[in-house]
Amino acid sequence: KYLKIEIHKSISMSKKENVMSHELDFSNGQANFAHTGAKAWHNLGQNLEEGQPIEVWAKAAGLAHQVERTPVQYEGKDGLVLYADKSVLYRSDTNAPLGVVGKDYKIVQPAHILDFFAKLAENNNFQLETAGSLSGGKRVWAMAKVNNGATVSDQDIVKPYVLLATSYDGTLATTARFTSVRVVCSNTLGFASAESGDTVKINHSKEFDINDAALDLGI
């Protein structure tokens, strides 16, 4: 009787955890999520002091690697055959595959995401708030808090955060937007992406330009 009760409780908790899954990346032995301020609901990740250099954020958020590409090959009847129109994207640190893409796919490196906010911090009053890696590195994001004095044109009300996210598996265009959602996991990234308001989306067939993305947001 006691064992049956414990098993039932275990199954219930497992289902609940699946529904509330944070999908954080653990591929390098840590929860690849960094933040300032309050802890996230999952109590995972690295808590940083404000004003830390981008290199510290990159390591703490699991964004210090490169995304590489290699042509797809498949096993034919006479050996390996090259499929030149398709590439596999993979991580430079673990060699884990991230997605299969076309030859015209433009990679937005994790470093590009953080560099966007480094530029904003230099030229405006923005401070990095959260950054992280999801689903083994297939999606990454960073977001900054809009402090008093941030210069944003043509907007009467400025939401408290600026979000920049991208994917390497085709599930998300490179997306920049203002949001009221503090992104700390997969669920909150989905909430922020679905929020109403102006959004800048750069398809992966186009090069990502930090200055153009900021200008399109009105910053």
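Out of (1) within 18 Å of Gly99 (Cβ to Cβ); (2) open to solvent by 50 Å² or more (accessible area, probe 1.4 Å); (3) of a type in the set (S, T, N, Q), the odd one out for Thr174 is which?
In the conditions (1) within 18 Å of Gly99 (Cβ to Cβ); (2) open to solvent by 50 Å² or more (accessible area, probe 1.4 Å); (3) of a type in the set (S, T, N, Q), Thr174 misses (2) alone.
Residue-wise test of (1) over 22 Å from Ala144 (Cα atoms); (2) basic (Lys, Arg); (3) modelled with pLDDT under 95.
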site: Leu44; (1), (2), (3): no, no, no
site: Glu55; (1), (2), (3): no, no, no
site: Ala61; (1), (2), (3): no, no, no
site: Arg69; (1), (2), (3): yes, yes, no
site: Leu82; (1), (2), (3): yes, no, yes
site: Asp85; (1), (2), (3): yes, no, yes
site: Tyr90; (1), (2), (3): yes, no, no
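Conditions (1) part of a loop (DSSP other than H, G, I, E, B); (2) modelled with pLDDT under 90, marked per residue:
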{"position": "Val152", "(1), (2)": "yes, yes"}
{"position": "Asp156", "(1), (2)": "yes, yes"}
{"position": "Ala165", "(1), (2)": "no, no"}
{"position": "Thr175", "(1), (2)": "no, no"}
{"position": "Val184", "(1), (2)": "yes, no"}
{"position": "Asn187", "(1), (2)": "no, no"}
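Count, please, the residues in the range 85-133 that happen to be without any contact (Cβ under 8 Å) to a residue 60 or more places away in the chain, within 23 Å of Arg182 (Cβ to Cβ) and in a strand (DSSP E or B).
1
Just give me the residues in the range 20-77 being outside any strand (DSSP E or B), among the aliphatic types (A, V, I, L, M) and surrounded by 13 or more Cβ atoms within 10 Å (Cβ to Cβ), in sequence order.
Keep residues of the range 20-77 that are outside any strand (DSSP E or B), which gives 20-23, 25-32, 36-45, 48-66, 77.
Among the residues that remain, those that are also among the aliphatic types (A, V, I, L, M) are: 20, 31, 38, 40, 44, 48, 54, 56, 58, 60-61, 63-64.
Scanning the range 20-77 gives Ala31, Ala40, Leu44, Leu48, Ile54, Val56, Ala58, Ala60, Ala61, Leu63, Ala64.
Can you tell me which residue in the range 97-120 is surrounded by the most Cβ atoms within 10 Å (Cβ to Cβ), limited to those that are aliphatic (A, V, I, L, M) and in contact with a Ser or Thr (Cβ under 6 Å, 6 or more places away or on another chain)?
To start, the set of residues in the range 97-120 that are aliphatic (A, V, I, L, M) comprises 98, 100-101, 107-108, 111, 113-114, 118, 120.
Retained after the next criterion (residues that are in contact with a Ser or Thr (Cβ under 6 Å, 6 or more places away or on another chain)): 101, 108.
Working: Val101: 19, Val108: 21.
Of everything passing the filter in the range 97-120, Val108 is surrounded by the most Cβ atoms within 10 Å (Cβ to Cβ).
For the range 82-97, what are the residues that are charged (D, E, K, R) and over 15 Å from Asp25 (Cβ atoms)? Reasoning before the result, please.
Step one: of the range 82-97, the residues charged (D, E, K, R) are 85-86, 91, 93.
Across the range 82-97, the qualifying residues are Asp85, Lys86.
The values are calculated or read from the model by the stated rules, or taken from the named source; none is laboratory data. This structure is a prediction, so every number in the text was calculated from the model and none was measured. In this analysis, Cβ positions are derived from the backbone assuming ideal geometry, glycine residues included, and neighbour counts consider all displayed protein chains. What goes into the accessible areas is simple: the full protein's heavy atoms, side chains included, and nothing from ligands, DNA or RNA. Shrake-Rupley method; radii C 1.70, N 1.55, O 1.52, S 1.80 Å.
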